[in-house]
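Each value in this text was obtained by applying a stated rule to the coordinates, not by laboratory testing. A quick note: this is a predicted structure, and the numbers were derived from the prediction, not measured. For neighbour counting, all protein chains shown are included, and Cβ atoms are generated from backbone atoms with ideal geometry for every residue, glycine included.
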């Protein structure tokens, strides 16, 4: 079972309805309707990520991580797993590393094997069926976008955020 929760950081003013326009990481002022992919990935909507896979706690030990960065890390991990059976992704600020590996059913070349998840900050390895991991890869981005939009409904039409939403784990979206 995979459990994930995104908790907005109290000190991150981007979650608030007031305080816009805000200063981006480049020092320029941005408003909600001008947020770019870079702004969303690098600077705004910081969260604490509480993440458990079965009984293994993989919660990120960062001082807040942009929620979009985490979702893009999962997207890259999925692509690397599909291509190579292994993946290594890293948070930008703290260089926390997530390692993924999989062993698919080679008899019929289906994606019904197991995914193993390790991190640079815990000694335990989590194990989950690939089908459950794939469902998580649909759920997590949708929940992340829903959380942002619940605080700022005007971002529902942000093209980049909208592109993060998933309907299935094999969407083929060229993010």
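What to note about this one:
- The chain: angle of helix 67-84 to the longest principal axis, Cα-based, in degrees nearest 10: 30 degrees
- Our summary gives the chain a relative contact order of 19 percent, counting only alpha carbon pairs under 8 angstrom and 6 or more residues apart.
- Of 135, 144, 123, the one that fluctuates the most in a GNM where the chain has Cα springs shorter than 10 Å: 123
- Each of 138, 49, 86 was scored by other Cβ atoms within 10 Å of its Cβ. Arranged with the fewest first, they read 86, 138, 49.
- Each of 48, 31 was scored by other Cβ atoms within 10 Å of its Cβ. Listed from fewest to most, they are 31, 48.
- The base-10 log of I(q)/I(0) for the stretch 2-130, evaluated at q = 0.15, 0.18, 0.21 Å⁻¹, reads -0.76, -0.98, -1.19 [Debye formula, identical scatterers on Cα atoms, solvent excluded].
- Helical mean residue ellipticity (222 nm; -39500 (n - 2.57) per DSSP H run of 4+; nearest 500) of the chain: -9500 deg cm²/dmol
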